[in-house]
Amino acid sequence: MTRWPSSLRVSAQDHTLAELAALGIVIALLESAIPSPLPGVKPGLANLVTLIALQQLGWRAACWVSLLRIIGSGLLLGSLFSPGFWLSLSGGLASLLSLALASRLPARFFGVLSHSLLAAMGHLAGQLLLARLWLMPHDGVWLLLPPLMLSSLLGGVATGLLTLNLLQRLASCPHPTPSPLP
């Protein structure tokens, strides 16, 4: 007979990942309320929590934060397993792959802003590839590439600049010492 542990040990990093994922879900919910000139085009501001996780905790943490955010927002928006969810997931996975490659580039030439731009372009590539293979199996989908690339470029720059600003603010904040639980 298997015995379950009486309590699970939760590390400080687990708490940080949960907080970042929850913040990402809130931002994704707020972003879903923003009207869009093209269906599905969003600024991608929820990706800033993934970039913060990447910078502060590493690529594995960024993966957890991104995937939890995508699944959590899909659940709360009622879009889990819908075509929009699969597009978000494919974009998120492609974005994570581009971040994995980008994090191996020399840090003095490639920082948060370039990571944000590469992630935004990776996200677009993942979504368009899935759209072409599954949702719209027609070469006409590539006609959407120029306006969507411009949108990704603008969103990537905005997200990167916001992430840089937040990281600078976090670096200047004193970190409180955690108090022991009663």
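When the Cα positions of Trp134, Leu97, Ala61 are compared along the charge dipole of region 23-182, Ala61 comes out farthest toward the positive end, with charges on each C-beta of Lys, Arg, Asp and Glu.
Give me the Å³ per residue figure for the convex hull around the C-alpha atoms of the chain.
Numbers: hull volume 30.9 nm³, N = 182.
Normalising the Cα hull of the chain by residue number yields 170 Å³.
Largest first, the extents of the alpha carbon coordinates of region 100-182 on the three principal axes equal 59, 37, 23 Å.
From the C-alpha coordinates alone, can you work out the Kirkwood hydrodynamic radius of region 59-106, in Å?
Values: mean 1/r = 0.0891 Å⁻¹.
Radius from the Kirkwood sum: 11.2 Å.
Do you know the relative contact order of region 71-182, to the nearest whole percent, from alpha carbon pairs under 8 angstrom that are 6+ apart? Please report the intermediate quantities before stating the final value.
On the way: 89 pairs, mean separation 29.9, N = 112.
Answer for region 71-182 is 27 percent.
Measuring nothing but protein heavy atoms, the accessible surface of region 26-151 at 1.4 Å probe radius is 73 percent carbon and sulfur.
The values are calculated or read from the model by the stated rules, or taken from the named source; none is laboratory data. In this text the structure is predicted, and so the values were computed from the model without any measurement. Quick reminder, even Gly has a Cβ in these numbers, built from the backbone with ideal geometry, and neighbours come from all protein chains shown. These area figures cover heavy atoms from the full protein model, side chains too; ligands, DNA and RNA do not enter into them. Shrake-Rupley method; radii C 1.70, N 1.55, O 1.52, S 1.80 Å.
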